[in-house]
Amino acid sequence: GWCSVFTIWCANASGTDPIDEEDAAGTPDDAVVFFREGQVGNQYDGFYKLNRFVGIPRPGYLVIFANLENTYLFTHVGIVTDAVDLGGGLYQVTTVEGNMSSTMKCYTFLYDSNKDNSSLTAETRGKLQQNRSVVPEEDRTDPLTQYELSTENWTVFGFGATWL
């Protein structure tokens, strides 16, 4: 999936040196971390090993999506560019993602952290909840972002905390 490779390219362009997922152990707590992994599941594995797979978005974190209708727990990855806390566990999240209709796109959606999926595993994936919704039309202010949900079947699985 070149969605994952896109996040690696962005990390390199920012001056961060991505590491291999198997080298995650021993990473200092205050280190900025990106993984040099082309598979979304390996990206997740790295953040999970560091206890950095979380349910609250922050700019610079990776967002990992799950597909509610297929057996793959890890479907897609993008980068959170903005996360506005709207209160009550609701966030307006903006992402940049590669491999969306063979290009890069920017999306803005509402994320409900009260339906956090980040603690689920392959064994408990049946409890995945849809936690994304469309931003109301009156709140759509950026002409450069997509406000439609990228794929109706996708839900936010969690966020890779690239920084603490």
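The values are calculated or read from the model by the stated rules, or taken from the named source; none is laboratory data. All values reported here derive from a predicted model rather than from experimental measurement. Don't worry about glycine lacking a Cβ; one is built from the backbone with ideal geometry, like all the others, and counts go over all protein chains shown. Accessible surface areas use protein heavy atoms only, side chains included; no ligands, DNA or RNA. Shrake-Rupley method; radii C 1.70, N 1.55, O 1.52, S 1.80 Å.
Normalised per residue, the accessible area of region 1-52 is 55 Å², obtained with a 1.4 Å probe and no contribution from ligands, DNA or RNA. Compute the Rg/Rh shape ratio of region 48-164: radius of gyration over Kirkwood radius, all on alpha-carbon atoms. Reported Rg/Rh (Cα atoms, Kirkwood Rh): 0.94. Straight-line cross-link reach from Lys49 at under 24 Å between alpha-carbon atoms covers these lysines, not counting any fewer than eight positions away in the same chain: Lys115, Lys127.
The calculated FRET efficiency for the pair Ser102 and Tyr48, based on their C-beta separation and a Förster distance of 45 Å, comes to about 0.95.
On the basis of the beta-carbon distance and an R0 of 22 Å, Ile56 and Asp29 show a calculated FRET efficiency of 0.80. Here each label is just a point 7 Å from Cα along the line to Cβ, and for Asp17 and Trp163 those points are 1.9 nm apart.
For region 40-164, the carbon plus sulfur part of the accessible surface works out to 49%, probe radius 1.4 Å.
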